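Undergrad: Sending over a structure as C-alpha cells; questions will come in a sec.
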Amino acid sequence: MTTDRGPGWLSERELAAEREAGTPFDLADCVREPIHRLGGVQSYGALVAARAGVVEMVSANTAEVLGLSVDELIGAPVALLLGDEQCEAVLGLAEDCVGAAETVPVTVGDERDFHVTVYVADGLVVLEFEPLGTASRLSFSRTYAPIRQALTRLQRAGSVAEACRAAVREVRAITGYDRVVAYRFDTVDGPGEVIAEDVADDWAPWLGLWFPATDIPPQARRLYEQNWIRVIADVDDPGAGLLPAVLPGAAVPLDLSLSVLRTVSPFHLEYLRNIEVTSSMSVSLLADGQLWGLIACHGRAVNRLSPELRAACEFFGVALSLHLAALRERDETAAREQSRIVIARLMETIAVDLPSGWVDGPAGLDGILPCDAVAIKFGGRVTVHGSGVDPAAVAQFWAALPPLRSGELWQSDRVGEVLGLTPCPGGVDGALVLPLAGEDCIAWLRTGSATQQRWAIDPDQPVVAGPNGRRLTPRGSTAVYLATVRGRSTPWSTSDLVMAAELGRSIVEVALTHAQAVAALNAELARSNVDLDSFAHAAGHDLKEPLRGIAHTAAFIVEDAGSGLDTVTARRLTAIQRLATRMDELLNSLLHFSRLGRTDLRREEVDLREAVDQALEVAGPRLAEESVEVHRPDAGEVTVNADPLRLDEVLINLLVNAAKYARPGVARQVTVGGARVTPPGGAEQVSAVYVADNGIGIPAHLRDQAFQLFKRLHAPGEHGGGSGAGLAIVRRLVERHGGQAWADSVPGGGTTVWLTFPVTSSDPVAGAVAALDRQ
C-alpha cells in the first residue's frame, strides 16, 4: 500500500470539513509542503555544504556558531574550518556514508568543540555543526548504564502493549520530557492511536486518544522511515536560512532529508504551540521498513539533546522495533502453527474430493483464519458457511470483486469503501480472497461492528480558524470527541495472509497429485479401450463364424432328417437356430456399440423437423404398423448442433421404441420437439430435444437400467424382441456430443426421453469416462 497520495491523500470528509469551517486555510498545503527542502536549520547549530572540498552553501549564522562569516566561508576550502587533518578525515567519512549520516567530534579553531554530522545531499557533502555542552543532560558514559538497564527491562516485556508501556517510561526517564507516548498507526497512511503513555501529573492524559491522519502527512511519514529520530529543540527558535537559498544551477533548496538540524514546517510549529509544547522528539518504530508507529516526546521547556543522547534514543528505538517485531513474530508463529495443523487435517479430508467437497460444508476452512463466514465459489456455484454474514451481501461482494489471478491474494478491511458497496447490517466489511483455478475461489469474510473511538479533535471538523489565522485546528488536549466507526473489520494480519497463501500452495500440491493420478487413469483407460476394442472386434467377427456354423449345422440336420426326427429333437434343433440368430443380433449390436466411441463427429446445425423426416424413412413403416401418430416441430422451430448421421440413428431408435412399446387401447402418438429443461444433477436449465410417447412407460426404478447395454426390461419375445442395445446406443451417441440422455415419465402414462446437445463437444476421453461411470 502506498503512502504517496499527494493532494488526493485527503478524504472527501476532510475536504468537506475544510469547506464547512469557513476558513481560507487549505489542509492540502500540508500534504504538498516539501518539508525536506525548507531552506534552513535550527539556529543553535550551523550548516556548511561543499563540493570537491570547496564550500558552496552555508547557514546564515556561521559567524555566531563557527566564528567565520558567510563571506569568509563561501568559496573557501573546508580545511579553513577544520584544518587539513580533520578535513581529510571528515570528507573521507562522507564517501562511506552514502544514504546515511555519521556524527564525529571535531574542533574548530583552537577551542571551539563541536559534533559534526556528515552526509551527502544533491551531490554536496553536508556538515552540520552542533556545539558541545548545549544542555546535554547526560554524557555518553553516564548514558550507557541507563540505556543498558532500560533495554534489559524492555526485553522482559511479553506483549506489544507491555513493551510500549516500558518504552515510554524509560525514554522519559533518560530524556526528561514531560510527556512520552507510544503512537501506533491504524494503517500505513491512516490515523494513529496512543497505546502507551508516561506523562507529568499536571498534563492531561492522551492514552487511548486517536489523532487524524492529516496530523502526519505522507512526506513526513517518508522522512520518519528514512530517519530514526527527529528533535525540535525550541518551537520559538528563529532558525537560520541557507545561503544561497537554492542550489547553484538549480531552482530548489538543498535536500535536508538526512539533516539533524533541519528547520521545522510552520504548520508543525503552530501545531506544537497549540498543544503548549516547547520542545519535542520523535523516534520511529518500523516494521518491515514501513512506519508502524512513533515514540513521541513533548516538553514544556527548551531541550537540546546532545548527539550522544540522541544516538542512545535512536538505538533504543531500533531495539524496541526489533523487540516488537519479535513479539509479533512469536504471536504470528503460534497462530501459523495452529493454522498449519488445521490445514494438514483439511488436506487429508479433501485429498479424495478436491475441492468440490467444500461446496456442501466448510470442511475446516473456517478454522484456518478467524472469520465470521467462509464463502466458496466453485464451478459457478457459491455457498456461504457461517451465520454472521448476509448471503445477499455476499452476492453483492462477489459481483463487485475485480478479476483476480490464480494464487494472488486480495484483502481489505474496508470492503465497502474499496469496492463502493453500501454498508448494511450483516454486510461484508472485511474479506480475504484466495483465487483458485478459473473463477473458483475461497473468501474468508468478516463483519464490522460499530465501535467508538476517542479523538483528540473533532474528526468531522479537522480544520477551523485558529487564534493565529490560517493554521491547523488548536489541538486541545482536554477536548475528547467520540466518533462511531462503521464499515471496518478487524484488519487481516500478516499471519492471516501467510496462512491463506500456504493453503493455496497446499491446494496446488494436492491438485498436482490429482492431475498425476488422473493422467495415470487416462493412460490405463486408453489401454482398456484398446483391449475392449479388440474384444469387440473378436466378438463381432471371430465369434460370428463358428456361430454361423452352428446355425447352418442345425439347419442341415433338420433338412437331412426330414420327417424322421421326433418332436423333441426337432424342437431342440429349432431352438438352436433361434438362439444362434439371437446371438448373431447381439454380436452385431455389440460391434456397433464399440464403434461408436471411435466415430468422428461432423457437427452442424440441423433442423429438427428435417431430421425427424429423415428418421421416418426407416422408422415410419414400423410406426404405421402400430398406428402411432407422429407429431413434429415446425420447420425452423428447433435446431440441433449435432452430427446429422448420428442424430438420425438416435431418432430412429427412439421412434422405433415408441412403436414397439405402444399401449393398446389408446390413440397412440409420439411427439418430437425442443424445450428448456434442468438435466439431472444440473443447476440451470438448458436447451434439449425430447421424444415423448404415450406407451407403456418405464417404471421409475428401472429407467437407468433401460439405458444399459443388453438390459431388456421384458422377455426376449415380448414387444417385438430386440437386443436391448437401442437406448444404450442413444446415450452413447448423445454423450459423444458432450450431452446427456435420460428418461422421464409422462403424465397419464408413457415415456419422455430427453437429449441435450451442447454447442461444444466434450473431450472424447472425458465422455468415455462419464459413460463408464453411468454404467
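Undergrad: Being charged (D, E, K, R) and outside any strand (DSSP E or B) is the filter; apply it to the stretch 162-197 and report the residue that is surrounded by the most Cβ atoms within 10 Å (Cβ to Cβ).
TA: So, considering only residues that are charged (D, E, K, R) and outside any strand (DSSP E or B), the one surrounded by the most Cβ atoms within 10 Å (Cβ to Cβ) is Glu170.
Undergrad: Looking at (1) within 19 Å of Pro491 (Cα to Cα); (2) open to solvent by 20 Å² or more (accessible area, probe 1.4 Å); (3) assigned to a loop (DSSP other than H, G, I, E, B), can you tell me which one Ser406 breaks?
TA: Of the numbered conditions (1) within 19 Å of Pro491 (Cα to Cα); (2) open to solvent by 20 Å² or more (accessible area, probe 1.4 Å); (3) assigned to a loop (DSSP other than H, G, I, E, B), the odd one out for Ser406 is (1).
Undergrad: Looking only at the stretch 508-524, how many residues end up being modelled with pLDDT of 75 or more and either open to solvent by less than 30 Å² (accessible area, probe 1.4 Å) or of a type outside the set (A, V, I, L, M, F, W, C) (or both)?
TA: Summing the residues that are modelled with pLDDT of 75 or more and either open to solvent by less than 30 Å² (accessible area, probe 1.4 Å) or of a type outside the set (A, V, I, L, M, F, W, C) (or both) in the stretch 508-524 gives 2.
Undergrad: What strands (runs of 3 or more DSSP E), lying completely within the stretch 573-645, carry at least 2 residues that are of a type in the set (A, V, I, L, M) and at pLDDT 80 or above?
TA: Fully inside the stretch 573-645 and qualifying: 639-642.
Undergrad: Which residue is modelled with the lowest pLDDT, if the candidates are limited to the stretch 475-500 and must be under 21 Å from Val342 (Cα atoms) and open to solvent by less than 30 Å² (accessible area, probe 1.4 Å)?
TA: In this case the residue turns out to be Ser495.
Undergrad: I'd like the full set of residues that are assigned to a loop (DSSP other than H, G, I, E, B) and not small (Gly, Ala, Ser), limited to the stretch 198-227.
TA: Result: Asp201, Asp202, Trp203, Pro205, Trp206, Leu207, Pro212, Ile216, Pro217, Asn227.
Undergrad: Among residues belonging to the stretch 661-674 that are open to solvent by 40 Å² or more (accessible area, probe 1.4 Å) and of a type outside the set (Val, Ile, Thr), point out the one that is farthest from the chain's Cα centre (by Cα).
TA: Result: Gly665.
The values are calculated or read from the model by the stated rules, or taken from the named source; none is laboratory data. Everything numeric here is computed off the predicted structure, so don't read it as measured data. With ideal geometry, Cβ positions are generated from the backbone for all residues, glycine too; neighbour counts draw on all protein chains shown. With ligands, DNA and RNA removed, areas are computed over all heavy atoms of the protein, side chains included. Shrake-Rupley method; radii C 1.70, N 1.55, O 1.52, S 1.80 Å.
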